[in-house]
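Below is one structure; the comments refer to it alone.
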Amino acid sequence: MRIKVFTVLVLILLFGCKTKNENPVKKGYDQELVDELVRMVEMDQVAAGIPSGKHKQLTKEEWKSFKDSVFSVTYKNASEIFKEHGFVGFDVVGEDGSRNFWLIVQHLDSKPEFQKTVLKKMKIEVENKNANPENYAYLLDRVKLNMGEKQVYGTQVLYNWNVCQAYSKPLIDSINVNKRRNKIGMKPLEVYLNEMSKMHFEINSEVFSKISITEPKLYKVED
């Protein structure tokens, strides 16, 4: 009888440990992780942007090599964080920290399967009001496009350089996109695209001045 009881206890311990490893447990606010995410996102922003400062001197090949090395490191670190915490929500790193983790994952387009896995866990945190639903929409659109599907909220854009106007990449059910956006607190798509067009114009004003474009072309926004 003792042997049977001992065997049952061992099995319980073994299965208990396995369950714990597969389902990360929230450990409360983690300042050390907050600080790590700040450092990670600083490097991510450098690599995700256009060459500036000392990086302007790099050749295209050198810049690509630099970006690849940064994203390789951030992927490794983000994977370890995700393995331990799942999608890090407000309860673990606050709103800014959670946004930083999301932003790092958002830029890992070379790792679409990882993005997709994070997205699933992020959805749970959004439903529990422990993550930003708007950020979730951006990642969802990114994942959809990276998987060869159409986006849902129209967050990912391209630009018509002839008139300086942003437009959404392929989008499902475009007629009802603003209903979907409104449901999670996002601005109408036309407002968002106009903002992107204005930003695009400001960043590239010198280019547009050479082709006599003095302002971005905006969409009509209904009151």
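What percent does the relative contact order of the range 135-223 come to when contacts are Cα pairs within less than 8 Å and at least six residues apart?
Numbers: 110 pairs, mean separation 21.1, N = 89.
The normalised contact order for the range 135-223 reaches 24 percent.
Which value, in Å², gives the accessible area per residue of the chain when a 1.4 Å probe is used on the protein heavy atoms?
Here the residues of the chain average 65 Å² of exposed surface.
I'd like the distance between the alpha-carbon centres of the range 74-116 and the range 151-208, rounded to an integer number of Å.
Distance between centres, Cα-based: 25 Å.
For the chain, which whole percent of the accessible surface, found with a 1.4 angstrom probe, sits on carbon and sulfur atoms?
55
With a cut-off of 8 Å between alpha carbons and a minimum separation of six or more residues, what is the relative contact order of the chain in percent?
Relative contact order comes out at 13 percent.
Running a GNM on the chain with Cα contacts under 10 Å, which residue among THR117, THR59, THR155 ends up with the highest mean-square fluctuation?
Fluctuation is largest for THR59.
Mean-square fluctuation check for the chain, GNM, Cα pairs under 10 Å: which of VAL207, VAL38, VAL157 is largest?
Maximum among the listed residues: VAL207.
One quarter of the convex hull surface, Cα atoms only: what value does that give for the chain in nm²?
17.7
Over the Cα atoms of the range 142-223, Rg to Rh with Kirkwood Rh, two decimal places?
Using only Cα positions, Rg/Rh for the range 142-223 is 1.02.
Of the listed pairs LYS169/LYS220; LYS129/LYS169; LYS120/LYS169; LYS123/LYS169; LYS67/LYS169, which have alpha-carbon separations greater than 26 Å here? Walk me through the numbers before you get to the answer.
Working: LYS169/LYS220 19 Å; LYS129/LYS169 28 Å; LYS120/LYS169 22 Å; LYS123/LYS169 23 Å; LYS67/LYS169 24 Å.
With Cα atoms farther than 26 Å apart: LYS129/LYS169.
Which whole-number percent is the relative contact order of the range 88-199 (Cα, under 8 Å, 6+ apart)?
18
Determine how many Å³ per residue the convex hull of the Cα atoms of the range 159-205 encloses. Can you show the working numbers first?
Numbers: hull volume 3.6 nm³, N = 47.
Convex hull volume per residue, Cα atoms: 77 Å³.
Run the helix sum for the chain: -39,500 (n - 2.57) per DSSP H stretch of 4+ residues, divided by residue count, reported at 222 nm to the nearest 500 deg cm²/dmol.
-20500 deg cm²/dmol
Give the accessible area for LEU108 in Å² (nearest 10); use a 1.4 Å probe, count only protein heavy atoms, and leave out ligands, DNA and RNA.
0
The values are calculated or read from the model by the stated rules, or taken from the named source; none is laboratory data. Keep in mind the model is a prediction, meaning the values are calculated, not measured. Only protein heavy atoms, including side chains, enter the accessible area calculation; ligands, DNA and RNA are left aside. Shrake-Rupley method; radii C 1.70, N 1.55, O 1.52, S 1.80 Å.
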